[in-house]
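Visitor: Before we start, here is the structure in question, set down as structure tokens.
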């Protein structure tokens, strides 16, 4: 039957709201602050690279880049290209990779096509092994970039910045770290990531559990055996609880089912899981590629995400089939707003019915299948894509514990749901990360003090304020890599935004160096004008999002708290192409309009 023909809007809305209300439980979104939690702070320790002792570094450098993930590496190499010699990357991890350094859990991979996600494929003459790259391949590729551009010798790993303050007299940033380093730097670049803070739910009794427990972003291979891409060899006689059913969980569950005696999956809200369709890269992939092919392919994908017409769909996957369709429903000039909204609902319903039908087709047990069906609109949660997760529930050693209201408590023996005790040997918190909308000052993890002693936390207390989402009045020689809630744009393929941001940072510094400038600051009036434009383009989606199941997309059921100042350039998630044209036009002009330079 045609899904649209069977669409009863009132019945669907009622069903979605009932499912939402089952999850609107006070305290369900409470999390532990691992920066201050004495018991669980150990979850942040590095299980992959042993820290080494070193003497504190005290020196003057050209630039400090905070973060050795993709954005930080791209920014650092562009700073080198601009003529800066001493570029120090600082990161709490034991090596490069950012999220791909930390997330090494079994089955981890990217759900954005590898040919557009891995940066600098042309420059490194590299073709990914598969259509969707494993986390290990991504990490090693980022390592190769760092090695190619000689970024490792000056990097400070297992090092956290404890403070950064602008010295107006010296026209330099004074940066301190938890290893006793004192770095005096001309430029300061924040590339701290958008999903860099582990989210650990605050469940009563967690600290009482007597078995092994860890977060999926710090996988404990000493306990499970194996390693990235290798089977886990120590779980054959053990029961493992997985808490969470987002991207991290759906990827690690199938390998756990293959290795453990028993796997219990604790689910509050099922994800919408589309077909990934992963496959090895065809041998003839390189044939016919011409210079600029990766940017062209990125643009093709991004155009579809924004609803633009393209001659062909280069990616041809769930993002372009489903996400793009829901994000850009059909609209005719003669449509009323009611007709448009009804059409959007029908498109959404048809796609979600396709997801629910897939669950029923793959999962043999009808009761389990029903619990795994997502009842909400497609964009209420970040969509997932996987080829093995749903089928894993047909194995004899897995059980789904559906708990929309959450877990009651965790005892010495394991989780308790609706009064029933589940005894397990190990708990994996596959609960993801604090949302992309987390304030920049929190994600940075240290105080950033600008002119007149004002901190970034104070400056953005009422919301973001910037020029282009990357430079801030009162914080000279500071660049912020663009991202959500920072007055730039949002992209499904973050790599494309990181590439653009890094190019902007490098070319801006090149202009400053050519002028012999010591420092720059954003003119207050120009920043106010940019912020006014961001606020003016803000679309209040709280009415739609309020009907969503609680998730990081709708601020855990509180979409009304979203701040227009934290919006994007252009409506909705932003106009990437307009934003890029604006930045590149500003750079091509070369006059640094809107900056005070001295």
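The values are calculated or read from the model by the stated rules, or taken from the named source; none is laboratory data. The shown structure was predicted, so the numbers you read here are calculated from the model rather than taken from an experiment. Reconstructed Cβ throughout: ideal geometry from the backbone, glycine too, with neighbour counts over all protein chains shown.
Visitor: Against the definition (under 13 Å from residue 242 (Cα atoms), in a strand (DSSP E or B) and at pLDDT 95 or above), how does residue 428 come out, yes or no?
Guide: For residue 428, the condition - under 13 Å from residue 242 (Cα atoms), in a strand (DSSP E or B) and at pLDDT 95 or above - is met.
Visitor: Can you confirm whether the stretch 501-513 contains a residue that is in contact with a helix residue (DSSP H, G or I) (Cβ under 7 Å, 6 or more places away or on another chain), part of a loop (DSSP other than H, G, I, E, B) and outside the structural domain of residue 271 (by TED's automatic domain parsing)?
Guide: No, because not a single residue in the stretch 501-513 is in contact with a helix residue (DSSP H, G or I) (Cβ under 7 Å, 6 or more places away or on another chain), part of a loop (DSSP other than H, G, I, E, B) and outside the structural domain of residue 271 (by TED's automatic domain parsing).
Visitor: Another question, if that's okay. Quick one: residue 550 ticks every box in (1) within 21 Å of the chain's Cα centre (by Cα); (2) part of a loop (DSSP other than H, G, I, E, B); (3) farther than 19 Å from residue 378 by Cβ except a single one, so which number is it?
Guide: (3)
Visitor: Among the residues in the stretch 124-138, are any assigned to a helix (DSSP H, G or I), surrounded by fewer than 21 Cβ atoms within 10 Å (Cβ to Cβ) and either modelled with pLDDT under 95 or touching a helix residue (DSSP H, G or I) at 6+ places or on another chain (Cβ under 7 Å) (or both)?
Guide: yes
Condition check ((1) in a loop (DSSP other than H, G, I, E, B); (2) in contact with a helix residue (DSSP H, G or I) (Cβ under 9 Å, 6 or more places away or on another chain); (3) closer than 23 Å to residue 388 by Cα) across all residues:
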{"residue": "203", "(1), (2), (3)": "yes, no, no"}
{"residue": "217", "(1), (2), (3)": "no, yes, yes"}
{"residue": "251", "(1), (2), (3)": "no, yes, yes"}
{"residue": "270", "(1), (2), (3)": "yes, yes, yes"}
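Visitor: Looking at the stretch 300-314, which of its residues are without any contact (Cβ under 8 Å) to a residue 60 or more places away in the chain and under 21 Å from the mean Cα position of the chain (by Cα)?
Guide: 304
Visitor: In addition: Could you list, in sequence order, the residues of the stretch 471-493 that are surrounded by 24 or more Cβ atoms within 10 Å (Cβ to Cβ) and not in a loop (DSSP other than H, G, I, E, B)?
Guide: Those that are surrounded by 24 or more Cβ atoms within 10 Å (Cβ to Cβ) and not in a loop (DSSP other than H, G, I, E, B): 471, 479, 480.
Visitor: Filter the stretch 151-177 down to the residues that are more than 26 Å from the chain's Cα centre (by Cα) and free of Cβ contacts under 8 Å to residues at least 60 places away in the same chain and list them by number.
Guide: 153, 167, 169, 170, 174, 176, listed by residue number.
Visitor: What number goes with the only condition from (1) under 17 Å from residue 8 (Cβ atoms); (2) in a helix (DSSP H, G or I); (3) in contact with a helix residue (DSSP H, G or I) (Cβ under 8 Å, 6 or more places away or on another chain) that residue 341 does not pass?
Guide: Condition not satisfied by residue 341: (3).
Visitor: State the number of residues belonging to the stretch 159-196 that are in a loop (DSSP other than H, G, I, E, B), at pLDDT 95 or above and closer than 22 Å to residue 93 by Cα.
Guide: Going through the stretch 159-196 one residue at a time, the tally reaches 8.
Visitor: How many residues are at pLDDT 95 or above and surrounded by fewer than 16 Cβ atoms within 10 Å (Cβ to Cβ) if we restrict to the stretch 565-598?
Guide: Summing the residues that are at pLDDT 95 or above and surrounded by fewer than 16 Cβ atoms within 10 Å (Cβ to Cβ) in the stretch 565-598 gives 14.
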